[in-house]
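Participant: There's a structure below that I have some questions on.
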Amino acid sequence: MIWGLLVGLFAAGLAHVVQPSRADDTLPRVIIETDAGDVEVEVDTVRAPDTAANFLRYVDGGFYNGGRFHRTVKPDNQPNNDVKIEVIQAGASATRTRDYFPPISLERTSVTKLTHADGTVSMARSEPDSARDQFFICIGDQPELDFRGKRNADGQGFAAFGRVVRGMDVVRKIQAAPADGQNLRPPVRIVRARRL
């Protein structure tokens, strides 16, 4: 009986070793090289597969090379918003506009279970299902950008798909850069974005 129990435990342990664990999966990382420094992003292809694939498609196609961080949102530059947020926003190179991919469906945080925490990377949008190349990075926790959040009147939130793993000091430097309202003056250039 003890022998059977030991064999069973060994088999269970072996099965655990052979079976890949989702926690052990390696998520892709992207380095965004800017004039202000580098930002390294982990892209969650598991929980936000469609949004992650869209972002990586722009990265792999070189669309962000020559792009820019153009927007900074701080507590003191959103006078017309009752719900304040803190983010910086970037987009692909304007010279590639004609080659942009079609808009993608909104992967809501109610489905992905990702949240707009400090360092979260998410897709910018106007209407649901309108996101293309524009993305933003959260400075501090921004729960009002999640599904049912109040920043957008439709309550659908934004599609979080990754997180900054290195370079939040650069993100904060960009947020604090000179701006005319929310428009960075000058924008911070993206030299290159590439997979690690």
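Participant: Taking θ as phi - 60°, what are the ³J(HN,Hα) couplings along the stretch 153-167 by the Karplus curve (6.51, -1.76, 1.60), each to the nearest whole Hz, with x for Gly and Pro?
Facilitator: 4, 6, x, 7, x, 10, 8, 5, 9, x, 8, 6, 9, 7, x
Participant: Let's see if you can work this out: charge +1 on each Lys and Arg Cβ, -1 on each Asp and Glu Cβ, no other charges. What is the dipole magnitude of the stretch 88-196 about its Cα centre, in debye to the nearest 20?
Facilitator: So the magnitude is around 460 debye.
Participant: Can you sort 85, 32 from fewest to most other Cβ atoms within 10 Å of each residue's own Cβ?
Facilitator: 85, 32
Participant: Helix-only estimate, please: 222 nm mean residue ellipticity of the chain, summing -39500 (n - 2.57) across DSSP H runs of length 4 or more and dividing by its residues, to the nearest 500.
Facilitator: Taken over the chain, the calculation gives -6000 deg cm²/dmol.
Participant: What list do you get for 60, 76 if you sort them by fewest beta carbons within 10 Å?
Facilitator: Going from least to most buried by this count: 76, 60.
Participant: Subtracting the Cα-Cα distance from 0.36 nm times the residue separation, let me have the gained length for residue 99 to residue 154 in nm, one decimal.
Facilitator: 16.9 nm
Participant: Return the distance in nm (one decimal) between the two label points of a simple spin-label model at residue 26 and residue 46, each offset 7 Å from Cα along Cα→Cβ.
Facilitator: 1.5 nm
Participant: Continuing with this model, one more query. Once whole DSSP H runs in the chain are found, which of them have Cα atoms spread over 20 Å or more along the helix axis and a mean Kyte-Doolittle score of at least 0.0?
Facilitator: Those that clear 20 Å and a mean of 0.0 are 2-18.
Participant: Counting Lys and Arg as +1 and Asp and Glu as -1, each charge on the Cβ, what is the dipole of the chain about the Cα centre in debye, to the nearest 20?
Facilitator: Numbers: 26 positive and 25 negative charges, 64 e Å.
Using Cβ point charges on Lys, Arg, Asp and Glu, the chain gives about 300 debye.
Participant: Sticking with this one: Using R₀ = 35 Å, calculate the FRET efficiency as 1/(1 + (r/R₀)^6) where r is the Cβ-Cβ separation of residue 141 and residue 35; round to 0.05.
Facilitator: 0.80
Participant: Which residues does the label zone of residue 84 cover in the stretch 165-187, counting backbone N under 19 Å from a point 7 Å along Cα→Cβ?
Facilitator: What the label zone holds, given the 19 Å backbone N cut-off, is 172-184.
Participant: Moving to a separate point now. Could you tell me which residue out of 175, 137, 65 lies farthest along the dipole of the chain toward its positive end? Charges go on the beta carbon: Lys and Arg +1, Asp and Glu -1, centred on the Cα centre.
Facilitator: Most positive-ward Cα: 65.
Participant: Can you work out the PRE-style zone for residue 74? Point 7 Å along Cα to Cβ, and I want the residues of the stretch 153-196 with backbone N under 18 Å.
Facilitator: 168-189
Participant: Whose amide H sits under 5 Å from the amide H of residue 86, counting only residues 5 or more places off or on another chain, with H placed in the peptide plane?
Facilitator: Answer set, sorted by chain and number: 139.
Participant: Taking amide hydrogens as modeled 1.01 Å from N in the peptide plane, which residues meet the under 5 Å criterion relative to residue 190, leaving out close sequence neighbours?
Facilitator: Amide H neighbours of residue 190: 66, 67, 68, 69.
Participant: Given Cα positions, please report Rg to Rh for the stretch 89-145, the hydrodynamic radius being the Kirkwood one. Write down the numbers at each step before the final one.
Facilitator: Details: Rg = 12.4 Å, Rh = 12.4 Å.
The Rg/Rh ratio comes out at 1.00.
Participant: Please report 151, 192 as a ranked list, fewest other C-beta atoms within 10 angstrom at the top and most at the bottom.
Facilitator: 192, 151
Participant: What fraction of the Cα pairs in the stretch 24-195, stated in percent, has a spacing above 30 angstrom?
Facilitator: 9 percent
Participant: Just to verify a number: FRET efficiency for residue 172 and residue 194, C-beta to C-beta distance, R0 = 25 Å, to 0.05?
Facilitator: E between residue 172 and residue 194, to the nearest 0.05, is 0.65.
Participant: Go through 95-106, 126-137 and give me the packing order, highest mean Cβ count within 10 Å leading.
Facilitator: Values: 95-106: 13.4, 126-137: 18.6.
Ranking, from highest mean packing down: 126-137, 95-106.
FYI, it's all coordinate maths here, none of it is from the lab. Nothing here was measured: the structure is a model prediction, and the numbers come from that model. All Cβ positions, even for glycine, are placed from backbone atoms using ideal geometry, and neighbour counts span all protein chains on display.
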